[in-house]
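The values are calculated or read from the model by the stated rules, or taken from the named source; none is laboratory data. Quick caveat: nothing in here was measured; it's all calculated off a predicted structure. Neighbour counts are summed over all protein chains in view; Cβ atoms, including those assigned to glycine, are modelled from backbone coordinates with ideal geometry.
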Amino acid sequence: MKKARIGAFLALLAAALIAGPSFAADITVNLAAVEAEWVAPGSVTTIPMWDFITDPGSCPAPATPPTWDPVDPPITATAGDTLIINLRNCLGVQASVFIPGQYKPLAPVRLTDDPRRVYSFDVTAPADGGATTTSYTWSNLKAGTYLYHSGTHPQVQVQMGLYGALVVTGGSYPTVADEHVLLYSEIDPDLHAAVAGGTYGTADYPSTFDYYPKYFLINGKSYPDTTDIAIGLSQDVLFRFINAGLKTHVPTLQGLYMDVIAEDGNLYPYLKTQYSIALTAAKTMDAIVNAGTTGRYALYDRDLHVTNAAVTGGGMLTYIQAGAAAGAPTAIDDNYTMAEDEVGGLTVVAPGVLGNDLAADGVSPIPATYTASIVTGPSAGTLGPGLNTDGSFTYTPNLNFNGTDLFTYRAVDTAVTPGPDSNVATVRITVSPANDAPVAVANAYNAPAGGTLSVAAPGVLGNDTDVDGDPLTAAPSGIAPPGSLTLNTDGSFTYTPAGGASAIETFQYVANDGTADSAPATVTITVIAAVNVPPFANNDFASTARNTGVTFSVTANDVDADGTIVPSTVVITGQTGIPPTATTTRGGSVVNNGDGTVTFNPKRGFRGTDTFTYTVKDNAGATSNIATVTVNVL
């Protein structure tokens, strides 16, 4: 049988090589390079991606990035066709399209600061917000399987997700009953976060030498999200393997062999029958599988990339279902309820989510060989340490969350010869609301000594919160403060400190949401003594006749902005004795009468202008400036 198949392949190959020309066509594909996102398996973690999508005519809104899908859109052509790709670039950097193995004259773009280094294999689509499109043309396409990807800074842009599959049929390829594309890749979340955050090329993530992928994918999915590949019995089915990753992957068939017929679009002159192939980076290989026995056969990465984020039971694993599949079991949705912030969370014991699932007959319980496998995790809580294989789990909602959260799972057969997986079922958890006490936060104010502090609404409530959004009121709490407090329900208050000196005084209050009080919060009031403004002594003027004394007030025109003048505190510069007497500048004398008045006596026989100076204090003891008194002796 094997010899017959080999002979048929060689005959078909020879016939194809001497066949006449076929009619070629122009194939136009409109793509857009966009920012996208991908949800890591078994979690709600979103990883930033870049993606080639069918051009929508304009760039998608940043708030609604598409879901990354490396096999959509598929590009299919026939050998000899002309392929035209028009690229709209919606990224913040230049991008391009490049197809290894297909001929096209290139226009490399070099770095401006180092012309020896190529930044892009071909002309780039500008980062112009999608305002224009850039065209790329490949003539006379060669049959085979190819990876198309960005040729601009490819070590980053390809790993960010700018790649897809090109299938060129016809040529010398044999006729098969069916075919499937298997696109292998991997994701390093740290690289994606660095590129999206603008820190790639820094100490945060200097280069792809630090590339450590955590997720390993087939057609953009990790097991158990991969879908079984159905093939008919005793039929030649072509599998087109493509590696878009940086790592080498080894697709391995368990229980079947495959005939490898081509590598990088180049047909082998003979079949290579083997159960595994080596896919180095950017490699494509084509192999034919023909299963003669009904069964479910594992196709996994022999390089052991069968993990998701270092957790086994995922990664590069899918199944080939040859012939009619045994009836799949039915996973039935589950519903649970719990209270908000319930202590210990919701604990569901085995068989848990499997308890209501049914065997293929729709009546019997699901077989014991089936275990629960998470598909997508909850978004408003956590499963700790995850969904257990026996169907049990513990769910803890996020603090203060109420509403409906959900996660999905499927039942997976762990038998030696596993049966098909179940459908994906949804587990809904309804978290009923519970009132949360408000949170009152401490406040601090300054109050003048001897005065009253007035604070308008919302006052002490201004920095308080209630997660439920209830309106808050304030009420005094604890020991009465030393001063006089009037606290209003809207948070406004007045406070008169107990004393006039500097001090720190406190009072407490609670915030109430209509149901519960907060913990008491403290309001600290720092009593600040008023800063006294010194009095101001104005200059004075008087006159008298020769040899004649005169008495007048020097404080009558003096002022104090925040108090009163104390006349008895007048001090004449140079005064001595009792009563205090001083000599004037021209030899006269002046007596301080102790009541704000002075008596001036000119020098015997003097005519002219005489002067003296003085200071005075206010009721707070502050001393004024020095004022000058001028006396004209006539």
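Residue-wise test of (1) touching a residue at least 60 places away in the same chain (Cβ under 8 Å); (2) not hydrophobic (A, V, I, L, M, F, W, C).
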residue	(1), (2)
504	no, no
526	yes, yes
536	yes, no
570	no, no
- Task: List the number of the failed condition for residue 210; all other conditions in (1) among the charged types (D, E, K, R); (2) surrounded by fewer than 17 Cβ atoms within 10 Å (Cβ to Cβ); (3) over 32 Å from the mean Cα position of the chain (by Cα) hold.
- Result: (3)
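Do the conditions hold for residue 178, that is, is it surrounded by fewer than 19 Cβ atoms within 10 Å (Cβ to Cβ), within 26 Å of residue 67 (Cβ to Cβ) and not hydroxyl-bearing (Ser, Thr, Tyr)?
Details: surrounded by fewer than 19 Cβ atoms within 10 Å (Cβ to Cβ): yes; within 26 Å of residue 67 (Cβ to Cβ): no; not hydroxyl-bearing (Ser, Thr, Tyr): yes.
In short, no.
Considering only residues that are within 15 Å of residue 522 (Cα to Cα), of a type outside the set (A, V, I, L, M, F, W, C) and surrounded by 18 or more Cβ atoms within 10 Å (Cβ to Cβ), which ones fall in the stretch 452-476?
Initial filter on the stretch 452-476 (within 15 Å of residue 522 (Cα to Cα)): 459-464, 474-476.
Now drop any that are not of a type outside the set (A, V, I, L, M, F, W, C), which leaves 459, 462-464, 476.
Listed by number, the residues that qualify are 459, 464.
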- Query: If we scan the stretch 409-421, do we find a residue that is surrounded by 14 or more Cβ atoms within 10 Å (Cβ to Cβ), over 30 Å from residue 532 (Cβ atoms), at pLDDT 95 or above and touching a helix residue (DSSP H, G or I) at 6+ places or on another chain (Cβ under 9 Å)?
  - Reply: no
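Per-residue answers, yes or no, for (1) in the same structural domain as residue 319 (by TED's automatic domain parsing); (2) part of a strand (DSSP E or B); (3) touching a Leu at 6+ places or on another chain (Cβ under 7 Å); (4) under 30 Å from residue 411 (Cβ atoms):
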| residue | (1), (2), (3), (4) |
| --- | --- |
| 181 | yes, yes, no, yes |
| 184 | yes, yes, yes, yes |
| 193 | yes, no, no, no |
| 216 | yes, yes, no, yes |
| 230 | yes, yes, no, yes |
| 234 | yes, no, no, no |
| 271 | yes, yes, no, no |
- Assuming residue 274 fulfils every condition listed in (1) over 28 Å from residue 77 (Cα atoms); (2) at pLDDT below 90; (3) not aromatic (Phe, Trp, Tyr) apart from one, which condition is it? (2)
- Message: If residue 363 satisfies all but one of (1) surrounded by 21 or more Cβ atoms within 10 Å (Cβ to Cβ); (2) modelled with pLDDT under 95, what's the number of the condition it fails?
- Response: (1)
- Unmet requirement for residue 151, which otherwise passes all of (1) touching an Asp or Glu at 6+ places or on another chain (Cβ under 8 Å); (2) within 23 Å of residue 28 (Cβ to Cβ); (3) at pLDDT 95 or above: (3)
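Within the group 246, 271, which residue is within 42 Å of the chain's Cα centre (by Cα) and more than 30 Å from residue 423 (Cα to Cα)?
Values: 271 fails: within 42 Å of the chain's Cα centre (by Cα).
Only one candidate passes the filter, namely 246.
Those residues that are under 30 Å from residue 57 (Cβ atoms), in a loop (DSSP other than H, G, I, E, B) and free of Cβ contacts under 8 Å to residues at least 60 places away in the same chain, I need them from the stretch 109-133; list them, please. Can you show your working first?
Kept after step one, since they are under 30 Å from residue 57 (Cβ atoms), are these residues of the stretch 109-133: 109, 119-133.
Imposing the further condition that a residue be in a loop (DSSP other than H, G, I, E, B) reduces the set to 121-124, 126-132.
Across the stretch 109-133, the qualifying residues are 121, 122, 123, 124, 126, 127, 128, 131, 132.
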- Message: Can you confirm whether residue 225 is under 34 Å from the mean Cα position of the chain (by Cα), of a type outside the set (Lys, Arg) and modelled with pLDDT under 90?
- Response: yes
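State whether one or more residues within the stretch 134-144 are of a type in the set (Val, Ile, Thr) and either touching a Phe, Trp or Tyr at 6+ places or on another chain (Cβ under 9 Å) or in a loop (DSSP other than H, G, I, E, B) (or both).
Just the residues of the stretch 134-144 that are of a type in the set (Val, Ile, Thr), to begin with: 134, 137.
Then keep just the ones that are either touching a Phe, Trp or Tyr at 6+ places or on another chain (Cβ under 9 Å) or in a loop (DSSP other than H, G, I, E, B) (or both); that gives none.
Checking the stretch 134-144: not a single residue is of a type in the set (Val, Ile, Thr) and either touching a Phe, Trp or Tyr at 6+ places or on another chain (Cβ under 9 Å) or in a loop (DSSP other than H, G, I, E, B) (or both).
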- Condition met for residue 483 (of a type outside the set (Asp, Glu), on the phi > 0 side of the Ramachandran plot and crowded, with 18+ Cβ neighbours inside 10 Å): no
- Pick from the stretch 580-626, criterion of a type in the set (A, V, I, L, M, F, W, C) and crowded, with 21+ Cβ neighbours inside 10 Å, ranking: farthest from the chain's Cα centre (by Cα): 600
- Residue in the stretch 515-526 that is modelled with pLDDT of 95 or more, farther than 30 Å from residue 463 by Cα, surrounded by 13 or more Cβ atoms within 10 Å (Cβ to Cβ) and among the polar types (S, T, N, Q) present: no
- Query: Going by the structure shown, is residue 137 crowded, with 16+ Cβ neighbours inside 10 Å and at negative phi?
  - Reply: no
- Query: Looking only at the stretch 386-444, which residues are part of a strand (DSSP E or B) and charged (D, E, K, R)?
  - Reply: 405, 410, 413, 428
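Conditions tested, residue by residue: (1) assigned to a strand (DSSP E or B); (2) on the phi > 0 side of the Ramachandran plot; (3) crowded, with 18+ Cβ neighbours inside 10 Å.
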{"position": "38", "(1), (2), (3)": "yes, no, yes"}
{"position": "41", "(1), (2), (3)": "no, no, yes"}
{"position": "50", "(1), (2), (3)": "yes, no, yes"}
{"position": "53", "(1), (2), (3)": "yes, no, yes"}
{"position": "60", "(1), (2), (3)": "no, no, no"}
{"position": "64", "(1), (2), (3)": "no, no, no"}
{"position": "69", "(1), (2), (3)": "no, no, yes"}
{"position": "91", "(1), (2), (3)": "no, no, yes"}
{"position": "106", "(1), (2), (3)": "no, no, no"}
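Do we have residue 164 as among the small types (Gly, Ala, Ser) and in the same structural domain as residue 82 (by TED's automatic domain parsing) here? Don't jump to the end; show me each part of the working.
Values: among the small types (Gly, Ala, Ser): yes; in the same structural domain as residue 82 (by TED's automatic domain parsing): yes.
Here the answer is yes, as residue 164 does meet what is asked.
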- Task: Report yes if residue 491 is exposed (fewer than 13 other Cβ atoms within 10 Å of the Cβ), outside the structural domain of residue 609 (by TED's automatic domain parsing), at positive phi and not in a strand (DSSP E or B), otherwise no.
- Result: no
- Message: All but one of (1) assigned by TED's automatic domain parsing to the domain that holds residue 68; (2) of a type in the set (Ser, Thr, Tyr); (3) within 31 Å of the chain's Cα centre (by Cα) hold for residue 137; state the number of the condition that does not hold.
- Response: (3)
- Query: For residue 582, are the conditions met, namely being small (Gly, Ala, Ser), in a strand (DSSP E or B) and outside the structural domain of residue 503 (by TED's automatic domain parsing)?
  - Reply: yes
